[in-house]
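Worksheet for the structure shown next.
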Amino acid sequence: MARQAFRMQLKPGMAAEYRARHDAIWPELSALLREAGISDYWIFLDEATGALFATLELADDNRRDTLPDHPVMQRWWASMAPLMETADDNRPLEGALVPVFHLP
């Protein structure tokens, strides 16, 4: 099991809508993420800047790299693209965060 952390960026004024969409996350998307080996997924918001900070755990045999090709993931990204900074394919721009401290 490996933990990953990354940063994403909301567009100004989109925090409430971003939260609402995640409060009503599609069951098929949740299932897809779990099937890909993703668990304990958290997203935190810095309300002052609109920065999103995410952490998740990946199973050793995860298939996270297959998610961009899945139609459910593509629909989710298309629905979220108006709210956040994305690449041309609507994938959220992610910046990896490097661990610097851990208190077990």
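Only the coordinates and a few stated rules stand behind these numbers; no lab work does. Here the structure is a predicted model, which is why all the values come from computation and not from measurement. Reconstructed Cβ throughout: ideal geometry from the backbone, glycine too, with neighbour counts over all protein chains shown.
In table form, for the structure just shown:
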read-out	value
For the stretch 3-37 and the stretch 61-99, distance of Cα centres in Å	10
Karplus (6.51, -1.76, 1.60) ³J(HN,Hα), θ = phi - 60°, over the stretch 4-12, in Hz, Gly and Pro reported as x	10, 9, 8, 10, 10, 9, 7, 6, x
Calculated [θ] (222 nm, deg cm²/dmol) that DSSP helices of n ≥ 4 give over the chain, each run adding -39,500 (n - 2.57)	-7500 deg cm²/dmol
Kirkwood-Stokes translational diffusion coefficient of the chain, alpha-carbon pairs, 10 °C, 1.306 mPa s, µm²/s	109
Pairs of Cα atoms farther than 18 Å apart, the stretch 1-49, %	43
Total formal charge among the other residues, if their Cβ is under 14 angstrom from that of ILE25, Lys/Arg +1 and Asp/Glu -1	+1
Nonlocal amide H pairs with MET84, under 5 Å, H built at 1.01 Å	LYS11
Per-peptide average of other Cβ atoms within 10 Å, ordering 69-77, 50-58 highest first	50-58, 69-77
